[in-house]
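Note sheet for the following structure.
The values are calculated or read from the model by the stated rules, or taken from the named source; none is laboratory data. Note that this is a predicted model, so its numbers are computed, not measured. In this analysis, Cβ positions are derived from the backbone assuming ideal geometry, glycine residues included, and neighbour counts consider all displayed protein chains. For accessibility, only protein heavy atoms count, side chains too; no ligands or nucleic acids. Shrake-Rupley method; radii C 1.70, N 1.55, O 1.52, S 1.80 Å.
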Amino acid sequence: MKFSILYFATLLSVSALPANPKKNLIFMVSDGFGPASETAARDYIQQSSKFPETYMTDLDKLLIGSSRTRSADSFVTDSAAGAVVFASGVKTYNLALGVDRDGKPIGTNMEAAHRLGYKTGVVVKSRITDATPAAFASHVLERGMGSLIAEQMAGLVPAIGRNLDLMFGGGKCMFMPNTTTGSCRADTLDVISEMSSSGWSISQTRDEFNNIPVDAKLPIAGMYALDNVPYSIDYPVNNVPSLPEMAKKALSILAEASKDSEHGFYVLIEGSRIDHAGHDNDLGTHIREIIEYYETIRVVSEFIDANPNTVMVSTSDHETGGLGLGRDNKYVYYPLTYQNQTKSIEQSCLGLLNLPLSQRGAYVTEQMLPVHLGISNVTESVASAVLASTIKSQCLLSMSAALSRDSNILWSTLGHTGVDVNLYAKGATTEQLSGCHENTDIGKWLTNYLNVNIDAVTKDIANISVAQYPYTRNPSTFVYENYSHE
């Protein structure tokens, strides 16, 4: 009862701010990032940089609490239900986006904010239509309905309207007609052309990104990969903007666009691929994605210092991989085992599987293990295990195992876990989020901070179509392995 009274008082205090104060909200999601991952990244930086034992990461300095992560139908959430709680403040079933547990459309705080006058945006390393960003501006029964999600997020569905002013990320394939090479749409609709016709400015290359001016006319979209934006460890062979670069540019554009408005801006920034590396059990890549997230936190923190009317809240939707730092009853682990890794396991394995059988042996012993993983003494048993891989999942596991035993760490799953995750924040009134929270509390706080009415949006979209194809919800029979990244 004490917590309920305290939380109710918190919401009142947020709502009691002056009517329509000009303010900006930056919500950050470190997808798949659990407490063990924070420890691993901290230890890696501290040891590799020879910092003192008291070293704290940019996130450590902002820690204020924790979040519980269960969905409406499972103690282990997926990223879709895990993001709906932030966008709409309610729990729903795994796979759902913008609908309640009965499959009925519900409004989001980003949609409500845009209708009130805020400038809105999403900045991610995943596909723009992936679960987390889609939860803020789409409504579908199941996250696999990517073609419909793209149309909704682009504002091409009249019954919903356009609710985003800016989109930066990957996933261009979902906006291209299926008659085009590389498309992943289910139909021939050219969403990019439709967006251009309806006023969107679209950039697709690093040079085009660099040339976007601060006073760019909205709406604006940047699609910098057919699928996900590459891992940071793979940037050397991929000329794409990084997450901190996209975040910095987005903040500048949204701040400029809202400078003469009664309202500010609301943006989602997601470290999407922290999660993907966890699914791959690739700690070296996982750590580097976390370090890039730290850099993004630094960009945001500096923006808040210069713009005190801005607040930032950062948390995770769930943990991925079940990372254990220590194994086999040995009281040690060695984070610097990953220091010489030069390529993600994902890309290394794709290279192997794309080669003819006659060339795979040399690739494993001359590239994958000594160069990509940085193993100085390649053993026959390790090489044989990798070489025996015939599908991606086998290769991922054998490559992960090659370093996991040396570093004395252990992954418990290729999927998500149900553990609590950390909660971080900076800015005026964010101290109200201190302590342990149900994940829905965070979404409700965001909504109340913005002082927006989600119920009005829900009423307006009550009759929209939320199905791209016939769909019967039956989570008990859903095979999560069908989704390489959740």
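Quick notes
- One residue stands out in region 79-115 among those that are out of contact with any Lys or Arg (no Cβ under 7 Å at 6 or more places or on another chain) and among the polar types (S, T, N, Q): the one that is surrounded by the fewest Cβ atoms within 10 Å (Cβ to Cβ), namely ASN94.
- VAL76 vs. criteria touching a His at 6+ places or on another chain (Cβ under 6 Å), part of a loop (DSSP other than H, G, I, E, B), surrounded by fewer than 24 Cβ atoms within 10 Å (Cβ to Cβ) and at negative phi: yes
- Some residue of region 411-419 being on the phi > 0 side of the Ramachandran plot, small (Gly, Ala, Ser) and either modelled with pLDDT under 95 or under 23 Å from the mean Cα position of the chain (by Cα) (or both): no
- Residues of region 246-283 satisfying the condition of being part of a loop (DSSP other than H, G, I, E, B) and in contact (Cβ under 8 Å) with a residue 24 or more places away in the chain: SER258, SER261, GLU262, HIS263, GLY264, GLY271, SER272, ASP280, ASN281, ASP282
- In region 422-440, the residue that is surrounded by the most Cβ atoms within 10 Å (Cβ to Cβ) out of those that are of a type outside the set (Val, Ile, Thr) and assigned to a loop (DSSP other than H, G, I, E, B) is GLY427.
- Filter result for ALA41 (open to solvent by less than 10 Å² (accessible area, probe 1.4 Å), part of a helix (DSSP H, G or I) and of a type in the set (A, V, I, L, M)): yes
- The residue that is farthest from TYR235 (Cα to Cα), among those in region 288-303 that are of a type in the set (A, V, I, L, M) and open to solvent by less than 10 Å² (accessible area, probe 1.4 Å), is VAL300.
- Within region 203-226, residues that are in contact (Cβ under 8 Å) with a residue 60 or more places away in the chain and in the same structural domain as VAL237 (by the TED database) reach partners that are loosely packed, with under 14 Cβ neighbours inside 10 Å and among the small types (Gly, Ala, Ser) with beta carbons closer than 7 Å, at six or more positions or on different chains, in the pairs PRO219/GLY199.
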